[in-house]
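**Student:** Take this structure first; my questions come after.
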Amino acid sequence: MPNYRRAWHPGGTYFFTSNLLERRDNNLLVRHIDALRAAVRRVRRAHPFDICGWVVLPDHLHCVIRLPPTDADFALRLRLIKTSFSKAIPREERRSAVRRRRGERGIWQRRYWEHLIKDETDYRAHMDYVHFNPVKHGLVTCVRDWPYSTFHRLVADGVYPIDWGGSEAGEKLNYDD
């Protein structure tokens, strides 16, 4: 088994990507958005963290979160969100023999991408990436048109202008994978 190196930093700000196991033609996350939101609320009550930015796409999510000053356990939070969500939705997914033997659901990929935010420039780049992602994936032409995002809260807070990241004419920022 690979030895993954994680950056454990109390009070750190982290960017995450978490994918569904079966991504092709899968809209599970937006179809069950209320269950996902409830899972995040439950975990935040038990293990506080600040949501800086979050976007939910049909088959994956991206977020930027900040941990409390004395806490570095981001993995616990992400695991509990995924587990809580999985328990809240019907058992309709295909499961491999291995997952059935282990009593696991077939919803999430086991691994996730995590990145410790290094500075303000890194923070801004990841926040922009989070919010632009629905445009990048062709789900909308304007960031403001995607409903499953913290973009709208950040517009209200004056962080982004409402027309940031795309326009009716199809203008958009250029983000590559």
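**Student:** How many of the residues in the range 1-38 are open to solvent by 80 Å² or more (accessible area, probe 1.4 Å) and either modelled with pLDDT of 95 or more or not in a loop (DSSP other than H, G, I, E, B) (or both)?
**Tutor:** 3
**Student:** Hey, does the range 152-159 have a residue that's open to solvent by less than 80 Å² (accessible area, probe 1.4 Å), touching a residue at least 12 places away in the same chain (Cβ under 8 Å) and within 20 Å of residue 18 (Cα to Cα)?
**Tutor:** There is no residue in the range 152-159 that is open to solvent by less than 80 Å² (accessible area, probe 1.4 Å), touching a residue at least 12 places away in the same chain (Cβ under 8 Å) and within 20 Å of residue 18 (Cα to Cα).
**Student:** For the range 107-126, which positions are touching a helix residue (DSSP H, G or I) at 6+ places or on another chain (Cβ under 9 Å), of a type outside the set (Phe, Trp, Tyr) and under 24 Å from residue 35 (Cα atoms)?
**Tutor:** Those that are touching a helix residue (DSSP H, G or I) at 6+ places or on another chain (Cβ under 9 Å), of a type outside the set (Phe, Trp, Tyr) and under 24 Å from residue 35 (Cα atoms): 107, 114.
**Student:** Output the residue which, of all residues in the range 42-80 that are among the β-branched types (Val, Ile, Thr) and either modelled with pLDDT under 95 or assigned to a strand (DSSP E or B) (or both), is most open to solvent (accessible area, probe 1.4 Å).
**Tutor:** 51
**Student:** A further question on this structure: Restricting attention to the range 101-120, and to residues there that are under 22 Å from residue 10 (Cβ atoms) and open to solvent by 50 Å² or more (accessible area, probe 1.4 Å), which single residue is modelled with the lowest pLDDT? I'd like the intermediate steps shown before the answer.
**Tutor:** The first filter runs over the range 101-120 and keeps only residues under 22 Å from residue 10 (Cβ atoms), leaving 112-120.
Those left that are additionally open to solvent by 50 Å² or more (accessible area, probe 1.4 Å): 113, 118-120.
Working: 113: 93, 118: 97, 119: 97, 120: 98.
Per the stated criteria, the residue is 113.
**Student:** Still on this model: Taking the range 88-101, which residues are touching a residue at least 12 places away in the same chain (Cβ under 8 Å) and assigned to a helix (DSSP H, G or I)?
**Tutor:** If the condition is that a residue be touching a residue at least 12 places away in the same chain (Cβ under 8 Å) and assigned to a helix (DSSP H, G or I), then 88 is the only one that fits.
**Student:** Only one of (1) at pLDDT below 95; (2) surrounded by fewer than 18 Cβ atoms within 10 Å (Cβ to Cβ); (3) part of a loop (DSSP other than H, G, I, E, B) is not met by residue 162, so which one is it?
**Tutor:** Failed condition: (1).
**Student:** Continuing with this model, one more query. Can you name the residue in the range 133-142 that is closer than 20 Å to residue 37 by Cβ and in contact with an Asp or Glu (Cβ under 9 Å, 6 or more places away or on another chain) and, of all such residues, is least open to solvent (accessible area, probe 1.4 Å)?
**Tutor:** Looking at the filtered set, the residue picked out is 134.
The values are calculated or read from the model by the stated rules, or taken from the named source; none is laboratory data. The model shown is predicted, which means the values in this text are computed figures rather than measured ones. Note: ideal-geometry Cβ built from the backbone for every residue, glycine included; neighbour counts use all protein chains shown. Surface accessibility is based on the protein's heavy atoms, side chains included, excluding ligands, DNA and RNA. Shrake-Rupley method; radii C 1.70, N 1.55, O 1.52, S 1.80 Å.
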